[in-house]
Amino acid sequence: MNETLLINMFYAAPELWYTLGLGLIILLAYIGTREIKILKLNQRNYFLNRDRERYAETLYASKDGYFAFIYPDEKVNDPRKEIKEHCSRRLAVILNLPNGTQSNFSDILKNFSKEDSAKIQKYVKFLKEEGISFEEEFLLKNSNKYLNLAGCRINALDGNVYCDMIWFRDISRDTNKILNLEEEKNQAFNKIHRLEDLIDNLSFPIWLRDENLHLQEINKQYMEFTKEKNKEDILKNQTEIMSVNNESVSANLALQAQATNRPRKQTINLVKNGERRSFEAIETPFHGDDSLDKIYTAGALIDVTELDELKRNFKLHQNAHLEILGALGTAFAVFDNAYKLSFYNKSFASFWGLEDVWLETHPSYSSFLDIIREKRMLPEVPDFRSYKSDEQKDFSRIIEPKEDLLHLPNGNTIRRVRAPYPLGGLVFAFEDVSDRLATRRAYNSLLSVQQELLDNLFDGVVIFGSNGRLKFYNQSYLKLWNLPEIFLQKEPTISELWEAHQRYFSYVENWPELKKDIINHIMSTTTKTFSLTRNNNTVVEVLSSLLSDGSIMVTCKKESTN
């Protein structure tokens, strides 16, 4: 029924239905167009918001902090009527601000000294009023942190002022590094100045040549040997020090040193202050600029005039000494630092029974030891090779005269003295002391017999030498006077000995006078015997005798006790 009604209505007024259908289509098209525009606007706003967030996060991620003075927009009806301040998160971290991003510019200024704060305020004033940019470094108060502040104005394309920004960059690391480099540079310059003072105050010329043997550096003394007035002219003209033959003292020497990579030296003659003097020119090569391909040379010119005179005088004295040694009866020889025989006298040849022909071949010390060992004129040793090695080691160990005895298999004894030779090696002196030692042994034996004879006497005996000191005593004397033997071993005088006897004469009121009388009786050539009474009434008979060698023998004998 309803469908029939609609069909009848359509057929009754078809124009109306066509109009309604067209209107509906237009409405749907309009709604669809609006929805598409809304979608596009939402999409655009989405990407604008994303870009804004991206730019904001980019600023937040920056290593620089910033503080912005944001102005109201003059091109639109901006509800913001006052300047807005904004502190970045990074700036809050750099300055360690208690209020974080809510900090105002006054909070920022508190982190700087009073002078720097005033300067920053002045910069900001010019930026906000006239748009003048600035950039300067500041040190935070109570810290060693350095900040670089850069102020700039942000404008739109239409000239509208967006904001004034101050960028804060922590440059402490770079600044401290620069300060350290400045300090190192100053230290390097000071070191260079000290080195310049060092080489300029040397008493002799020195110089430096590059790989082409051109002069690169010289000292002040170098100028005194040239006609130039300053270092710059010498280096510019490559002025060399000239010898008396008008030749460079070191150019050829430097070439040789560079070619062989070995130091080279030579003695040359120069006229200085109107006096002809001897100098030693030295060129020492080294690798320059840390390159093995570049060989530089360092040169020096040293006055050796006095040294040459000393060498000549030394040679003369040496020859004179060798002539004296040659004329002496003691056997002398010199073996140099190469262990070769360099000098000997006639006594040396005859002492060892060696031929001059063989000695003139300058045999080694080892060969000399082999020869005299064959003659059985060396001590018997179990390891002769080790003995020779030790003997040669003594060439470097002996620094002062050394004496020893060589006891030969035939019973003879040789006294050997070895001493350093000024030119290297050792001086040897040999002497047969067999007879002397035999005489000394006989003398010591005689003294021993005499001492035994004295010790076997019942009477106390002391003998004073011609110098007035005690030479001999026996045990009976020690017991008689109860003296410590160590006292008599010190060889006391007659006065010192009798002073030790005072305790036996304590009853005497004037002991010095008695001691004087006792000594006078002993020293007298006429008094033979006198008696002394001790504290315990013991009587000691004293007998004084003058011996043939000028010695005085005193005999003390205990007589009786009352």
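The values are calculated or read from the model by the stated rules, or taken from the named source; none is laboratory data. Model, not experiment: these values are computed from the prediction. As a convention, Cβ positions derive from the backbone with ideal geometry for all residues, glycine included, and neighbour counts pool all protein chains shown. Note: accessible area is taken over every heavy atom of the protein model, side chains too, but ligands, DNA and RNA are not part of it. Shrake-Rupley method; radii C 1.70, N 1.55, O 1.52, S 1.80 Å.
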Inset, instruction - Output the residues belonging to segment 257-303 that are closer than 26 Å to GLN216 by Cβ, modelled with pLDDT under 80 and either among the charged types (D, E, K, R) or open to solvent by less than 80 Å² (accessible area, probe 1.4 Å) (or both). - result: LYS272, GLY288, ASP289, ASP290, SER291, ASP293
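Restrict the check to segment 188-201 and report whether at least one residue is of a type outside the set (Val, Ile, Thr), more than 27 Å from the chain's Cα centre (by Cα) and surrounded by 14 or more Cβ atoms within 10 Å (Cβ to Cβ). Before you say what the answer is, go through the steps one by one.
Residues of segment 188-201 that are of a type outside the set (Val, Ile, Thr), as a first pass: 188-191, 193-198, 200-201.
Imposing the further condition that a residue be more than 27 Å from the chain's Cα centre (by Cα) reduces the set to none.
No, segment 188-201 contains no residue that is of a type outside the set (Val, Ile, Thr), more than 27 Å from the chain's Cα centre (by Cα) and surrounded by 14 or more Cβ atoms within 10 Å (Cβ to Cβ).
Yes/no matrix, rows are residues, columns are (1) modelled with pLDDT of 85 or more; (2) outside any loop (DSSP other than H, G, I, E, B); (3) over 60 Å from the mean Cα position of the chain (by Cα); (4) within 13 Å of VAL554 (Cβ to Cβ):
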site	(1), (2), (3), (4)
LEU480	no, yes, yes, yes
ILE486	yes, yes, no, no
GLU491	yes, no, no, no
GLU496	yes, yes, no, no
TYR504	yes, yes, yes, no
PRO512	yes, yes, yes, no
LYS515	yes, yes, yes, no
ILE522	no, yes, yes, yes
THR526	no, no, yes, no
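Tell me, which strands (runs of 3 or more DSSP E) wholly within segment 131-183 include 2 or more residues that are open to solvent by 40 Å² or more (accessible area, probe 1.4 Å) and among the acidic types (Asp, Glu)? Before you say what the answer is, go through the steps one by one.
Values: elements: 134-139, 146-155, 161-170.
Those strands (runs of 3 or more DSSP E) span 134-139.
With the requirement that a residue be polar (S, T, N, Q) and surrounded by 13 or more Cβ atoms within 10 Å (Cβ to Cβ), what does segment 338-365 give you? Quick ask: steps written out before the conclusion?
Initially, segment 338-365 is screened for residues polar (S, T, N, Q), giving 342, 345, 347, 350, 361, 364.
Listed by number, the residues that qualify are SER342, ASN345, SER347, SER364.
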Legend entry - Sole exception among (1) under 58 Å from the mean Cα position of the chain (by Cα); (2) open to solvent by less than 50 Å² (accessible area, probe 1.4 Å) for GLN121, by number: (2)
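Determine whether ASP549 is among the acidic types (Asp, Glu) and in contact (Cβ under 8 Å) with a residue 40 or more places away in the chain.
Values: among the acidic types (Asp, Glu): yes; in contact (Cβ under 8 Å) with a residue 40 or more places away in the chain: yes.
Criteria met by ASP549.
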Inset, instruction - Would you mention how many residues in segment 208-222 are open to solvent by 60 Å² or more (accessible area, probe 1.4 Å) and not in a loop (DSSP other than H, G, I, E, B)? - result: 3
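For GLU135, are the conditions met, namely being closer than 14 Å to ILE166 by Cα and acidic (Asp, Glu)? Show your work before the answer.
Working: closer than 14 Å to ILE166 by Cα: yes; acidic (Asp, Glu): yes.
Criteria met by GLU135.
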Legend entry - Residue pairs meeting the criteria (Cβ under 8 Å; at least 6 apart or on separate chains; first surrounded by 11 or more Cβ atoms within 10 Å (Cβ to Cβ), in segment 395-407; second part of a loop (DSSP other than H, G, I, E, B) and among the aliphatic types (A, V, I, L, M)): LEU405/VAL433; LEU406/LEU378
Inset, instruction - Determine whether ASN96 is of a type in the set (S, T, N, Q) and free of Cβ contacts under 8 Å to residues at least 12 places away in the same chain. - result: yes
Legend entry - Pairs, first under 15 Å from SER367 (Cβ atoms) and open to solvent by 50 Å² or more (accessible area, probe 1.4 Å) in segment 381-392, second of a type outside the set (Gly, Ala, Ser) and modelled with pLDDT of 90 or more, C-beta under 9 Å, six or more apart: GLN392/TYR339; GLN392/TYR365
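Across segment 101-116, which residue is nearest to TYR66 (Cα to Cα) among those that are of a type in the set (Gly, Ala, Ser) and open to solvent by 20 Å² or more (accessible area, probe 1.4 Å)?
Step one: filter segment 101-116 for residues of a type in the set (Gly, Ala, Ser), giving 103, 106, 113.
Subset that is open to solvent by 20 Å² or more (accessible area, probe 1.4 Å): 106, 113.
Values: SER106: 14, SER113: 19 Å.
Residue satisfying both the conditions and the ranking: SER106.
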Inset, instruction - Residue by residue through segment 254-288, note down the ones that are of a type in the set (A, V, I, L, M), out of contact with any Ser or Thr (no Cβ under 7 Å at 6 or more places or on another chain) and in contact (Cβ under 8 Å) with a residue 40 or more places away in the chain. - result: LEU255
